[in-house]
Amino acid sequence: MPNLIYLDLRFNNFYGSIPDDLFTKQLDAIFINNNQFHGTLPQNLGNSPASVINLSNNNFSGGIPASLGFVNSALKEILFLNNQLSGCIPENLGLFSDITVLDLSFNSLMGHLPDSLSCLEDIQVLNMAHNKLSGELPDLVCSLKNLLNLSIEYNFFSGYSSKCSNLFMKSIGFDFSLNCIPGKMMQRPPPECYGIPGTDSDSCFRIPAKPLVCGGSLLDLILNLGNVPLSP
């Protein structure tokens, strides 16, 4: 089907792994959510020219491919929710400057948020709920100018700044419940905040070598991040 531009396999019982060549097709939309697909996501996922990719409600495991953000500048929405993905949120996701919806919820991602998320200038919905993320929610994320909804509930975040508090005054949806934020209501019981997942490894903890500059190339991002790991 050389003229196919819209692939919709949603709400079936398809299973097995996803072939690499799916993401080399000239498709504008890929909907394979709500099936039984499993295995790791192909490393060439970022090569797809699609504007919308929905991978949610399957059984994908492993990390988010490092190719994301390196090639595809057309992507507007990508949904990973409710799989079994693990490891870090890769820095290269920040190269998707035009993305409006990023849903990483209901997985097992861990570590600190990459500073490159602050480069998602058009993001409207950013959902990272129900993972194992930790550290402090950075100002840079809460300052995203087009943000309409930010969900970080059911993680292990230890705090957020005044700029994040301002989200309430802007009528932006902001759910931070069931984290480990001292002095806030509806947080995890203290015993659950001991031994935060991922704190025994520094693989997901990033300290940029210098202030991050958005809008550049992959090379610019690497230079800004110094020796910080780009993939899980």
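List of remarks:
- Relative contact order %, segment 6-225, counting alpha carbon pairs below 8 Å whose residues are six or more apart: 12
- For Phe60, nonlocal amide neighbours, meaning residues 5 or more places apart or on other chains whose placed amide H falls under 5 Å from its own, are Gln84.
- Hits among lysines - C-alpha to C-alpha of Lys132 under 29 Å, sequence gap 8 or more where chains match: Lys76, Lys145, Lys163, Lys170, Lys184, Lys210
- Point-charge dipole on Cβ atoms (K/R +1, D/E -1) for segment 88-169, about Cα centre, debye to 20: 180
- Inter-label distance for Leu4 and Lys76, nm, one decimal - labels placed 7 Å from Cα along Cα-to-Cβ: 2.2
- Virtual paramagnetic centre 7 Å along Cα→Cβ of Glu192, amide N under 20 Å, in segment 152-170: 152-160
Taken together, the values in this text are just the output of simple stated rules run on the coordinates, not laboratory data. As the structure is a prediction and not an experimental result, all values here were calculated from the model. As a convention, Cβ positions derive from the backbone with ideal geometry for all residues, glycine included, and neighbour counts pool all protein chains shown.
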